[in-house]
Amino acid sequence: LGAISDFTGPFAAFGAPLTWGKQDFFAGVNAAGGIMGFDVAITADNTIDAGYVAEQHVAGYEQIRGNDAALAESLGTLQTLAALPLMLEDSMVSPVSSWYSGWSFDEVDGGLIVEAGTNYCMEAMNGFDFVMNARSQMDPVGVPFTYAIVGFPGDYGGDYAAGVKTAAAEYGLGDPVFEHVQLPFSVGGTIDEAVGGVLAAQPDVVFVTTGPNELAELMGGVFSNGYADAMYVGTGPTWHPALLGAADGALVPLFEAAYFQTSQNSGYLGDSPGHEVMREAFEANDRGVPNLGYVAGWVMSYGLKAVLEQAIVNKDLTPAGIAAAVPMVEAVNYDDMLPPKFFSGDPDDNVERGAVVHRVDATSPDGLAEVAPFFTGLSLI
């Protein structure tokens, strides 16, 4: 299997653990006898650092083209979409390290993308439902709140923003009081405009779809300029436990008081058989500080394993045979890390709608503690 990830760009802190999660997952599969006797190899020669740049993603795919039966990882929506024409030519199946709404539709991905967990849009809607519930407990009268959106360009920020606005419309809350497309620091972005906009609008809630460095600068900048009342809601790639040491830990009280984290599944300390095996692998391979990237890499490997099992049953492990096996998978068993998943039929029936919400807890291995276990919000029912 090949892997195209980000080890040096804006999502390096997420991309490296993603890849480790997949490597360790399949190493465990091999140690248990393989997939029906077949070992799975993700070698260094077939692992590409594309730096979260679409052109480098395509070049990386060209570099390993013809070497692999499938991809274990393809990080980024725009990056994967850039390489998708070549992948379609090659019938190259891949889990994708992005949660773009379009992956649910064969007309977008040709049926090659093996997605896991809810998409950014529905994740955002669940996050909005969580905020509504939390604020209604703070204020039983239900006074409407204002909100802002700060996010990276592309589907990561855009898809999430669409979900926030959709949920807001369901609740009659209207448009954001401030919305800003934040360029990653790695490509020259600065946080000044985002901080200034939040300070001027003073929203009750800020939905943030950036990387961890941008989150820290945004929250620290707003707080240090005198506005301390905002609640912040981010996504999996927005948080990294290394933030607990930012500014010598000075931001920890702010994170613990004001920041909440949505994700497709429970974090490192999740209570499931799959989480238990994952933690054993993480510790055995000495992977450092746990984070959601490793968990995501592990979770999305279940789908590819199920597809490879079906291809072996079909006696065709060519890329075309693996692609043909995708819609034949009856249900992916995630060892309770996620509900079972199908890759065929009506997307509206098969899309995963549930999400999890965490708060920051400096005593937790990944810096997170679950406050809303896997649920589907009212705006999605």
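Extending 7 Å from the Cα toward the beta-carbon at both L317 and E89 defines two label points whose distance is 2.6 nm. Each peptide in 260-272, 33-45, 290-302 receives the mean, over its residues, of other Cβ atoms within 10 Å, and ordering these scores from highest gives 290-302, 260-272, 33-45.
Per-residue extension of 0.36 nm, minus the Cα-Cα distance of A247 and D39, leaves a gain of 70.4 nm for this segment.
Distances between every pair of Cα atoms in region 118-244, grouped in 10 Å steps from 0 to the bin holding the largest one, split as 13, 46, 34, 6, 0 percent. Measuring nothing but alpha carbons in region 44-112 and taking Rh as the Kirkwood radius, the Rg to Rh ratio lands at 0.92. For T8, the solvent-accessible surface computed with a 1.4 Å probe is close to 110 Å², ligands and nucleic acids excluded. Report in % the part of the accessible area of the chain that belongs to carbon and sulfur, leaving out ligands and nucleic acids; probe 1.4 Å. It is 53 percent, rounded to a whole number. Between the beta carbons of L199 and Q63, assuming R0 = 51 Å, the FRET efficiency works out to 0.65 to the nearest 0.05. If I take all pairs of Cα atoms in region 128-197, what percentage of them are more than 13 Å from each other? Across region 128-197, Cα pairs with separations above 13 Å total 68 percent. For the chain, the relative contact order works out to 20 percent when only alpha carbon pairs closer than 8 Å and six or more residues apart are counted. The orientation-averaged projected area of the convex hull spanned by the Cα atoms of region 76-140 comes to 4.9 nm². The largest accessible area among R287, R65 belongs to the first residue in R65, R287, and the rest follow in falling order (1.4 Å probe, all chains). In a fully extended conformation the segment linking N350 and M328 would gain 6.5 nm over its present Cα-Cα distance, using 0.36 nm per residue. Hull volume per residue, based on the alpha-carbon atoms of the chain and their convex hull, is 126 Å³.
The angle separating the long axis of helix 212-224 from the principal Cα axis of greatest extent in the chain is about 0 degrees.
Working note: Cα atoms of region 33-185, range along each principal axis, descending, whole Å: 61, 36, 29. With both residues required to sit in the chain, DSSP beta bridges show an antiparallel share near 30%. The convex hull defined by the C-alpha atoms of region 21-83 has an orientation-averaged projected area of 4.6 nm². Calculated mean residue ellipticity, 222 nm, the chain: -13000 deg cm²/dmol, from DSSP H runs (n ≥ 4) at -39500 (n - 2.57) each, averaged per residue and rounded to 500.
If one computes P(r) from the Cα atoms of region 3-121, what percent of pairs lie at distances over 16 Å?
Counting pairs separated by more than 16 Å, the tail of P(r) holds 59 percent.
The angle separating the long axis of helix 292-313 from the principal Cα axis of greatest extent in the chain is about 30 degrees. When the residues H57, H180 are ordered by accessible surface, computed with a 1.4 Å probe over the protein chains alone, the sequence from largest down reads H180, H57. For the chain, the dipole from Cβ point charges (+1 on Lys and Arg, -1 on Asp and Glu) about the Cα centre works out to 220 debye, to the nearest 20. Using only Cα atoms, find the angle between the long axis of helix 155-170 and the longest principal axis of the chain, and express it within 0 to 90 degrees, rounded to the nearest 10. So the inclination is approximately 50 degrees. Using a simple charge model, +1 on the beta-carbon of Lys and Arg, -1 on the beta-carbon of Asp and Glu, nothing else, what dipole does region 187-263 show about its Cα centre, in debye to the nearest 20? That gives a dipole near 120 debye. For S136, the solvent-accessible surface with a 1.4 Å probe is about 50 Å², rounded to the nearest 10.
I need the semi-axes of the equivalent ellipsoid of region 176-335: take the C-alpha gyration tensor, multiply each eigenvalue by 5, square-root it, list largest first in whole angstrom.
Taking √(5λ) for each eigenvalue gives 39, 19, 14 Å, largest first.
The values are calculated or read from the model by the stated rules, or taken from the named source; none is laboratory data. This one's a predicted model, so the numbers in the text were calculated from it and none came from an experiment. As a convention, Cβ positions derive from the backbone with ideal geometry for all residues, glycine included, and neighbour counts pool all protein chains shown. With ligands, DNA and RNA removed, areas are computed over all heavy atoms of the protein, side chains included. Shrake-Rupley method; radii C 1.70, N 1.55, O 1.52, S 1.80 Å.
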